[in-house]
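Colleague: One structure follows; several queries about it will come next.
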Amino acid sequence: MWWDERVSARFRRNLQPTLTYWSVFFSFGLCIAFLGPTLLDLRCQTQSSLSQITWVFFSQQFCLLLGSCLGGVFKRTLAQSLLALFASSLAISLVFAIIPLCHNVVVLAVVMAVAGLAMGCIDTISNMQLVKIYQKDSAIFLQALHFFVGFGALLSPLIADPFLSDTNCILSNATANASSNLPHIRKSLVPHHPGNLSHYALPMKGMVVTRVSYAFWIMALINLPVPIAVFFLLYKERMVPCCNGSSHPLLSADELAMEARPEKDELAASGQRPPAARGHDDLFSCCQSKNFRGASYTYFAVHVTGALVLFMTDGIVGEYSGFVYSYAVEEPLSVVHKVAGYLPSLFWGFITLGRLISIPVSYRMKPATMVFINVVGVLVTFLLLLIFSSSVVFLFVGTASLGLFLSSTFPSMLAYTEDILQYKGCATTVLVTGAGIGEMVLQLLVGSIIHEQGSYSFLVCGMIFGGLAFTFYAFLLFFHRIYPKPSADLDATSPDKPAITEDNGLYQR
């Protein structure tokens, strides 16, 4: 195997919880990508205008951000975390099953808000739990975790595609004129990022003819094994009321010694105690003044600069996937609509491919190095896109390159920041929240700028955001360099002090 025996033993010891968290993130990806291609059929189902149906996007994204902020509330015990994941993954299956029954756009928006809350909890809790289990070895497992998001995001549009309407799904006198616009509008709607659709008029009255309900019911069935897997983990950990699960299997003496000894020897040589597994509070708990006592300014600077890097990079993911189609079909490129429609799929496909490649790479390469390559790659790609802005071929090459460089930024940054803070503080919560805000805010910002300044500003905005991401990462490297090293004589109330704890990679309750 391409990793050493210590990491392999730790993975075997935590096989079931690790696979469970990966599967839950598959639910996250499955739910985040279906709205784009199905939005027009949902508009027909709810008999609403395009401007009304696009509020469904906002309700999902806003509640996803809210769920990410609140997800840390459930981290205090393993039972709370698993129960929250069980409820969230089950809620996603129920949402898929209920969506075909929503014939009012307000009801649909409420249902998608519930899905957003569930997705936010999954995002925060799964990242937290993997960091808690693997700590300094978490980078490779976080890369795998985020691969499953991309896999789910690719799968749901493929499931939906056979059931999408080829013509307008509301039959009326205006159907003939509206149907000619439908392919163009549908390709403007990429996963959870609507474009400007106000100048298209589709009929709102008439008989609804859509088969998209079957797609949602299929996705509900595909997602159903995920809450079942979480329930089995709850049962195994004997956390289900009225059920007695088996005790968690122990490592053999040889495996346990192999897993624990290298870390103890390393810490003993440096005169340090093992790092704490505390921290990872929800956003509101992180802001309590008691967490600030004795903290150095670099403690806060690491949190802030790490969040700002992800604010920019995740914001780029949102704005690029949302507007690359609109940019391609406008002058000077004037790509035909059918060809331009492949750009968002190419972007998400290479994000998924990059996350798969990053799994073995992250074991051989430090997270800090991976983030540096990512932000430099994003900056250089946007620079080349600006230089060759009249080349359609390079637009496709640049889109693929951008997907590869952005793919591993989030898990690498999370692993790097947690390592700096010795797995204390609120890094996971702050970074997840910063990424969510960036994805929502930068998309709205770029949309308004393109509307005022034209399509070329799309690449200019990306270049600026890439430059800011690189700048904030440089500041993070500086604060890491001056961040106080852990020592045994630090004050016990300081967030910089590693608590006395025994960390041998076991799955802690």
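Please treat every number below as a calculation from the coordinates, not as lab data. This structure is a prediction, so every number in the text was calculated from the model and none was measured. So basically every Cβ, Gly included, is an ideal-geometry build from the backbone, and we count neighbours across all protein chains shown.
Colleague: Based on the mean of other beta carbon atoms within 10 Å per residue, what is the order of 298-310, 357-369, most packed first?
Modeller: Working: 298-310: 22.1, 357-369: 17.7.
So the order, starting with the most tightly packed, is 298-310, 357-369.
Colleague: Let me ask something else. Show me the trypsin sites (Lys or Arg not before Pro) within the range 37-116 that DSSP assigns to loop and that have at most 14 other Cβ atoms within 10 Å of their Cβ. Provide the component values of the computation, followed by the final result.
Modeller: Details: sites: Arg43, Lys75, Arg76; in loops: Arg76.
Sparse-neighbourhood loop trypsin sites (Lys or Arg not before Pro): Arg76.
Colleague: Could you calculate the FRET efficiency of Leu158 with Ser8 from 1/(1 + (r/R0)^6), where r is the beta carbon distance between them and R0 is 30 Å, rounded to 0.05?
Modeller: On the way: r = 33 Å, r/R0 = 1.12.
According to the calculation, E is roughly 0.35.
Colleague: Could you work out, for the range 295-485, what percent of all Cα-Cα pairs fall into each 5 Å distance bin, beginning at 0 Å and stopping at the bin that holds the largest distance?
Modeller: Histogramming the range 295-485 at 5 Å steps yields 1, 8, 17, 20, 19, 14, 9, 6, 3, 1, 0, 0 percent.
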